[in-house]
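> The following block contains the structure, expressed as structure tokens.
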Amino acid sequence: MSERTPIPVDSPFEPAVRQASTVGLWVRTIGGPVVWIVHFAFVYFVAEAACATERSGSNGFVGSDALVVAIVVATVVAMAGCGALLVTARRADGDRVMARIGEVLGMGAAGATLVTGLAALVVGPC
């Protein structure tokens, strides 16, 4: 991570304003959708692998209960990640437009993560 460098000011009595990190800005902006994509891929691939072994008649690598627990844990972790990104986007200094875009994308990603997890639980993973 790079140190934030103060922006020069005209008067020595004005406080220096710190410039927002570009990497941090982009993480706050697109972090929510990335969390959702990782969660979706995890739930999809784990459920597909477990259900494929169940359909083939062989012993699955996880039972149905373990699969549900894995999906619940993944959903809780992803929701916590989306929440943390929402908090950091709300407290962001620097570009307010990008912070607002990050908030909206983060809320949408949190909703999509919740729907993905609930769909696997309500309908069943297999």
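The values are calculated or read from the model by the stated rules, or taken from the named source; none is laboratory data. These numbers come from a predicted model, not from an experiment. Cβ sites come from the backbone with ideal geometry, for glycine too, and all protein chains shown count toward neighbours.
> Collect the residues in region 82-125 that are within 24 Å of Val23 (Cβ to Cβ), of a type in the set (Gly, Ala, Ser) and free of Cβ contacts under 8 Å to residues at least 60 places away in the same chain, keeping them in residue-number order.
Residues satisfying the conditions are Gly83, Ala84.
> Out of (1) over 20 Å from the mean Cα position of the chain (by Cα); (2) surrounded by 17 or more Cβ atoms within 10 Å (Cβ to Cβ); (3) at pLDDT 75 or above, the odd one out for His39 is which?
Result: His39 fails condition (1) only.
> Going residue by residue through region 42-52, is there one that turns out to be modelled with pLDDT under 80, among the charged types (D, E, K, R) and surrounded by fewer than 14 Cβ atoms within 10 Å (Cβ to Cβ)?
Here is the first cut: in region 42-52, the ones modelled with pLDDT under 80 are 49-52.
Filter once more, keeping what is among the charged types (D, E, K, R): none.
There is no residue in region 42-52 that is modelled with pLDDT under 80, among the charged types (D, E, K, R) and surrounded by fewer than 14 Cβ atoms within 10 Å (Cβ to Cβ).
> Does Leu105 meet the test of being of a type in the set (A, V, I, L, M), buried (at least 17 other Cβ atoms within 10 Å of the Cβ) and at pLDDT below 85?
no
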